[in-house]
Each structure stands twice: as C-alpha cells, then as structure tokens.
Amino acid sequence: MSLDPKRAVAELKELRALTADENGAQRVAWTDTWLKAREWFATKVKRLPVEQHHDAAGNSWVTLPGASEKSLLIGGHLDSVPNGGWLDGALDEIAGLEVLRRIADEFRGRPPVTVRLVDWADEEGARFGRSLLGSSAFAGTHSIDADRGRTDRDGVKLEDALRRCGVQIDKFAEAEREQKNAAAYLELHIEQGPVLERMGLPLGVVLGTKGVERHNVTFHGQEAHSGSTPMNARRDALAAAAKLALEIRNVAKKHEDAVCTMGSVKTFPGIVTAVVGRCEVTLDQRDLDTKVLAQMYREAQDASQRFAAEEHCTVDWSRLWNIEPVPFHPHLLDLCEQAVRETSGSSHRMPSGPLHDAAEVARARIPTVMMFVQSLKGISHNKIEDTKEEHLEMSVVALDRLASKTIDWIAKQS
Ligand SMILES: [Zn+2]
C-alpha cells in the first residue's frame, strides 16, 4: 500500500459528510459530533498494526512501534470551531494517517523509529474559550486549575464536559508522560491567510508562531455637549484613540511580518449628541521576533501618551494576554524546505500568525516544524474555507517526504 493522496482527500470529504451541516463543520471539542469524528477516525486506524489510547488530557494517540523507541510525532486536531471549515485541523490528521499507512507498509509494520499520530483535544477552545487545551497539557504549560471553572454558553462547566468524555481534570497533568522518547514533531496545516496564494505557491515552510501582546487601552476625556462645546475646548477621547488606530499600522509596517489590530472600539456615552468622554480599545500585536514585538509595544504606548496629550486626555493600559514567539527547529526547517521544494519546485519561509498545537510541542523543547498549504482567498474558520484538491494532494506528498527525512534524522541520532 503506497502513499495515496487521493484517498486522503476522499476521507476528508467523508469526514465532512459525517460531521458538517449546511453551516459548516460542527466538530466542537467535547460534543457528540466531535466524539463521532474521533470514532470514525479510530475505525480507519484499526486496520493498521498500531496501539491506540487516550492520554489524561483526552489527546488521542496512535502508535506504530519501531526498532527504536525514539519517536516521530505527527499531529493535528479533529475539533473545529462551530460553523467551521472542512480542512482546519482535519487535513493534518488525515494526511498524517495516510503517511502512517505508507510507513507501516514500507517497513512491514516495523519502521526504524517509532511513529506516533496524535489528535490533540480541543485545539480551538471554541466552547470554553481556552485554545490548545490538550497540547498544553502535553507540554506542561496548561493552566487547568484556572480553567476548571470555565463554563460554556449554556452554563456547562469545563470540568463536567471533560468528565463526560472520560477526562478527569485532577489527572490532567499526567498527559506530560507522552513526551517520553519524542524526538521530533511535524504538523501540516492550511495557511488560513492569503500569503501563499498571492505568491502563487502551493506550500510553505513555517518558521514559528508569532508572539502576541494583547492589551486594553482606555482614553479618558470629558463628555460634553456636541452643540455647545467649541472644537478647541474639547477633550475628545475618541480623537486620541483614532490617532492611535492609524499609528499602530505605521508601527507594524516598519517590520516585515509584524501585524497589529485594533479589533474593538467602544465609546461612552456613545450617543450622537455627546463628545466621547471615554474610549476603550483593544490592541493585538504579533511578531516572530521578541525584540520587534517589545519595540512595537513600547512604540504604541509612547504614541498613546502623545495622542492623549494632544487631545487633552489621559490614557491607561491593561494587559489582556501575551505569549512569547515560538521559533521552530532549524534543522527541521531545512528538511521541511527540501520536502516542499522536491514536491512543488519552490518554497517560501513564513511565520504563522495563528497559534497552533505545534507551538506547545516546541515549548516542551521537542524539535518541531510545520508546513503550510495554500488557503483559497485566505479564508478559514468559515464554511467557505477551501484549498485546491491538487494542492491538498501535494501537501500529503510533501508531509510524507518530510516524515521520511525526519525518520532518517532521528535514526542517525540513536
Ligand atoms: Zn487548526
């Protein structure tokens, strides 16, 4: 049984038919549809000479034992956002299955190193607002004690939803045991952005995941009557925020891959006849370089002070969340680039703006790399998410090549 990329595409369609409705994929973690997807996947895997189990955080592991216990890990996530696309997470997992089949066949069930396929539990965090839940348990970076009280929209507690799926929160940290013998981790994913399509490239090499600085910024001015207050006597909080909205774009554009977004603007009192007395905005800054990220953050802070002063307002900041950039492994980047070039003729190295399970694995100091395949129109987390079938097939071939190269690399170390 050699590699059959067309079968992977057919199985993606099979999964879509099983778990999507007219609004898109509904494989939200810890729901019945998600369990159905996992059951479907488990029956596919059963035909291989593998061991299957779930770890203490609900991650699903399929292990093909090799001559060496050192393991190549390939991962993805079968969970989706509500009304999601058919490829986000599922491509990684089903392409991984196809690669596992090829390896099992080529080495008659006993490859030189152990190969493990992982389906991470709750990558999306769609129901409880906690992304990368399973992979953070694996990496030992989880925050389960803080997360256990989280509830979904219907008031169901995270703790209870997990228990229903056989996961005990008190044992969550035991998932770290799965790190044993892990020598490398590979993840294929759709790009979810427009870069590869614009460059006319099917595949890309992912340098790492960008760090994030996420803040609330509040400008304080003075509410005043819109008719009676002369322009030069105003303390308009929105005017200061608007200047910042433009300036953060200039700050980000100074750096090649940096991005910065003001995603929310709230004005108070928020009526047509009053100067804005208070304006609350959010800032989300991302870059792969820690220094660049820190510099952008400082520049945005300085700019906010300057614009507040110009508009006779004050400003204060509060951090919502942040994460360090996670660069991937230099040698695996080279192997990934070779695999992509051999498959599609050319390659491009790019950072990932979205976070992925691969970032958690890399934080556990396991050599990690990701490969991207082009997304049509750069759209994801949407039922119209799509990728050309020929590109999907190429991505399976490229992941397979990367897996072979990585097995050789691991085997040489032992
Ligand atoms: Zn994903």
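The values are calculated or read from the model by the stated rules, or taken from the named source; none is laboratory data. What you see is a predicted model; the values in this text were computed from it and never measured. No Cβ is skipped: glycine too gets one built from the backbone with ideal geometry, and neighbour counts run over all protein chains shown. Surface areas here come from the heavy atoms of the whole protein model, side chains and all, with no ligands, DNA or RNA. Shrake-Rupley method; radii C 1.70, N 1.55, O 1.52, S 1.80 Å.
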Any chance you could count the Lys pairs in the range 220-314 whose alpha carbons are under 17 Å apart, treating pairs 8 or more apart or on different chains as valid? 4
How long are the semi-axes of the ellipsoid equivalent to the range 158-274, from square roots of 5 times the Cα gyration tensor eigenvalues, in whole Å, largest first? 45, 26, 13
Please list, or write none, the aspartates and glutamates whose alpha carbon is within less than 14 Å of the alpha carbon of K44, excluding same-chain residues fewer than 8 places away. E11, E14, E93, E98, D119
Give me the accessible area of H142, 1.4 Å probe, in Å² rounded to the nearest 10. 50
Debye intensity ratio I(q)/I(0), log10, the range 72-231, q values 0.08, 0.12, 0.14 Å⁻¹ (C-alpha model): -0.38, -0.72, -0.91
Counting DSSP beta bridges with both partners in the range 1-139, what percentage is antiparallel, nearest 5? 65
Given pairs K46/K383; K46/K412; K70/K412 and cut-off 19 Å on Cα-Cα distance, the over-length ones are K46/K383; K46/K412
Take every DSSP beta bridge with both residues inside the chain and express the antiparallel ones as a percent of the total, to the nearest 5. 70
So what's the Cα pair-distance distribution over the chain, bin width 10 Å, in %? 5, 21, 28, 23, 13, 7, 3, 1, 0
Across the Cα atoms of the range 212-332, what radius of gyration and what greatest pairwise Cα-Cα distance (Dmax) are found, in Å? 16.6, 67
Value of [θ]222 nm, deg cm²/dmol, for the chain, DSSP H segments ≥ 4, -39500 (n - 2.57) each, nearest 500: -12000 deg cm²/dmol
K13 and N216 label points (each 7 Å along its Cα→Cβ direction) are spaced in nm at 4.9
Could you list the trypsin sites (Lys or Arg not before Pro) in the range 1-100 that lie in coil according to DSSP, counting only those with at most 13 other Cβ atoms within 10 Å of their Cβ? K46, R47
Using only the Cα atoms of the range 242-286, each taken as one equal point scatterer with no solvent, compute I(q) by the Debye sum, divide by I(0), and report log10 of the ratio at q = 0.14 Å⁻¹. -0.41
